[in-house]
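Below is one structure, written out as structure tokens, with a few remarks after it.
Bear in mind these aren't lab numbers, they're just calculated from the coordinates by the rules spelled out. Note that the structure is predicted; figures quoted are calculated from it, not measured. Note that we place each Cβ from the backbone using ideal geometry, even for glycine, and neighbour counts take in every protein chain shown.
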Amino acid sequence: MGEGWICDSAPNSGIMKSFLLDGALRIGFCDPARTDALDWVDEVSLTEPPPPFDTFTCRTWTMHCITGLVNQGFVKCHDVDALEQEAEKWATVHHSSAHAGIMPRPVEDAQTCDFRDVLTLG
């Protein structure tokens, strides 16, 4: 497993109250009736470098999964590198308020992603 992080895909109704959460930057949408199409994420190795990367880090794991979600159509983003930069900047802006324990945590849509075809993000 990667140093200092874990992958947890279990349902969690209290995530927005987590002291570890800077907030939620929404990058896509999956209809709850189709969540089985996301099962492959749990199968991505937590020790081996995911394609096309040569090293395993939380970043390479995440970028691999986001690329897979783009390929499936759950994330509509033409430039995952720009999405990564947006997410880094977004987290930096919101980190100090998370560290101070300010609630609720922000939920925002990524500007680099397209949500035009989504009727509701629930």
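Observations
- Considering only 16, 63, 103, the mean-square fluctuation computed in a Gaussian network model of the chain, springs between alpha carbons under 10 angstrom, is largest for 103.
- Per-residue ³J(HN,Hα) for region 62-71, Karplus 6.51 cos²θ - 1.76 cosθ + 1.60, θ = phi - 60°, Hz, x for Gly and Pro: 5, 5, 4, 5, 4, 4, x, 5, 5, 4
- Taking Cβ atoms as reference points and 13 Å as the exclusive limit, the residues near residue 70 contribute a net charge of -3, counting Lys and Arg as +1 and Asp and Glu as -1.
- Across region 33-39, computed HN-Hα scalar couplings (Karplus, 6.51 cos²θ - 1.76 cosθ + 1.60, θ = phi - 60°) run 6, 10, 4, 4, 5, 9, 4 Hz from first to last residue, x flagging Gly and Pro.
- Sites matching trypsin sites (Lys or Arg not before Pro) across region 60-122 that sit in DSSP coil, with at most 14 neighbouring C-beta atoms within 10 Å: 116
- Contour excess over end-to-end distance, with Cα ends at residue 15 and residue 81 and 0.36 nm allotted per residue: 21.2 nm
- Among 36, 81, 109, residue whose mean-square fluctuation peaks in a GNM of the chain (springs only between Cα atoms under 10 Å): 36
- The chymotrypsin sites (Phe, Trp or Tyr not before Pro) of region 1-89 that DSSP puts in a loop, and whose beta carbon has at most 15 other beta carbons within 10 Å, are 5, 19, 53.
- Using a Gaussian network model of the chain in which every pair of alpha carbons under 10 angstrom is joined by a spring, one finds that among 57, 92, 67 the greatest mean-square fluctuation is at 92.
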